[in-house]
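*Asks:* I have a structure here, written as structure tokens, and I will follow up with some questions on it.
The values are calculated or read from the model by the stated rules, or taken from the named source; none is laboratory data. Note that the structure is a prediction, hence the values are computed from the model and not measured. We place every Cβ from the backbone using ideal geometry, glycine too, and count neighbours over all the protein chains shown.
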Amino acid sequence: MIVSHAHQFIFLKTRKTGGTSVELALSTVCGPDDVITWLGRDETLREGRGPQNTEPARSTLPLDLRLRLMLGANARAIGAVYANHMPARPARRLIGQSAWDRYFKFSIERNPWDRQVSYYYYRCRDPKTRPDFKTWLIDPRWKARIDNFRIYGIDGTIVVDQVLRYETLSADFAAAMARIGIENPPELPHAKAKARPRKEDYRSHYDDETRELVGDWYAREIAAFGFSFDGVAAVTPAEPAEAGA
């Protein structure tokens with residue numbers, strides 16, 4: 001996640017959508033007062049500014065968060081610090097309504113059936129211990145479901161100004177940079193591209209049951225962006241839009 005006061009934009013980072021590559025690129029245009037969250041194991045790939053300003057001054061926090069911290073609550077547990085995949089609602093509370101309304105807000109989304117296969121290989125890197133795809137999806141112990149919608153949505157409504165598409169990420173990122181007013185935007189690096197066998201079509205992992213399961217899990221994304229199992233998207237909303245319950 002990045003909050004740039006220098007360029008007045010907010011990047012909300014979703015999972016398995018190329019978000020690390022975007023954050024690495026954005027780090028190179030950030031100023032000393034901007035918020036940049038930790039990337040974990042991918043921090044070694046960063047060439048721009050590293051993590052900074054992730055703990056807001058307590059005096060700027062909403063009153064209820066200040067009181068809970070005074071009573072000994074853990075700041076990260078109650079959403080009082082900026083975090084890597086922070087959802088829109090707690091992010092808005094920390095940023096403040098005025099800046100939230102003024103800044104350009106954007107995120108990324110990806111075809112859910114493709115994204116789920118990418119997440120599978122990311123979570124199960126070792127081929128020797130990797131369960132088959134269907135077992136991984138169905139067994140609740142794996143916690144295979146991703147909740148990206150709440151990162152860019154609140155109460156069933158998309159609240160960012162633009163959702164970039166993973167399938168056209170380079171072009172969408174360039175358009176977002178132009179909208180922000182950044183001349184000569186940084187190029188996107190390729191992070192986290194080694195876990196998944198690149199020659200495998202994501203559709204080959206599915207049977208009728210798992211195809212329907214993933215469709216049910218991510219019905220909001222499918223409805224909002226027109227995703228289909230074959231990857232065709234008929235809808236690309238540029239403005240906040242209703243996305244169902």
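*Asks:* What are the residues in segment 129-171 that are of a type in the set (Val, Ile, Thr), closer than 18 Å to LYS16 by Cα and outside any loop (DSSP other than H, G, I, E, B), if any?
*Replies:* Passing the criteria: ILE151, VAL163, THR168.
*Asks:* Okay, next question. Which ones in segment 2-29 are surrounded by fewer than 23 Cβ atoms within 10 Å (Cβ to Cβ), assigned to a loop (DSSP other than H, G, I, E, B) and more than 8 Å from the chain's Cα centre (by Cα)?
*Replies:* HIS5, ALA6, HIS7, GLN8, THR28, VAL29
*Asks:* Given the structure, is PRO87 more than 30 Å from ASN184 (Cβ to Cβ) and surrounded by 11 or more Cβ atoms within 10 Å (Cβ to Cβ)?
*Replies:* yes
*Asks:* Another one. Starting from segment 55-81, keep only residues that are touching a residue at least 12 places away in the same chain (Cβ under 8 Å), then list their pairs with residues that are surrounded by 10 or more Cβ atoms within 10 Å (Cβ to Cβ) and of a type in the set (Lys, Arg) whose Cβ atoms are within a distance under 6 Å, requiring at least 6 positions of separation or different chains.
*Replies:* Going by the 6 Å Cβ cut-off, the qualifying pairs are PRO62/ARG93; ILE78/ARG68.
*Asks:* Quick one: which residue in ASN74, ASN148 is out of contact with any Cys (no Cβ under 6 Å at 6 or more places or on another chain), of a type outside the set (Phe, Trp, Tyr) and within 29 Å of MET177 (Cα to Cα)?
*Replies:* Just a single option satisfies the conditions, and that option is ASN148.
*Asks:* So which pairs qualify, if the first residue must be in segment 181-205 and on the phi < 0 side of the Ramachandran plot and at pLDDT below 90, the second must be part of a loop (DSSP other than H, G, I, E, B) and surrounded by 10 or more Cβ atoms within 10 Å (Cβ to Cβ), the Cβ gap must be under 7 Å, and the two must be at least 6 apart or on different chains?
*Replies:* From residues that are on the phi < 0 side of the Ramachandran plot and at pLDDT below 90, the pairs are ALA195/ARG125.
*Asks:* Within the set of pairs 6+ apart or on separate chains, which have a first residue in segment 83-107 that is farther than 25 Å from ALA174 by Cβ, a second that is of a type in the set (S, T, N, Q) and at pLDDT 95 or above, and C-beta atoms under 7 Å apart?
*Replies:* ALA83/THR37
*Asks:* Considering segment 76-94 alone, what residues qualify as being touching a Pro at 6+ places or on another chain (Cβ under 9 Å) and not charged (D, E, K, R)?
*Replies:* Residues satisfying the conditions are ILE78, GLY79, ALA80, VAL81, TYR82, ALA83, LEU94.
*Asks:* Under 6 Å between Cβ atoms, at least 6 apart or on separate chains: pull out the pairs that start in segment 138-158 with a residue that is surrounded by 13 or more Cβ atoms within 10 Å (Cβ to Cβ) and end on any residue that is at pLDDT 95 or above and polar (S, T, N, Q).
*Replies:* ASN148/THR14; ILE151/THR14; TYR152/SER107
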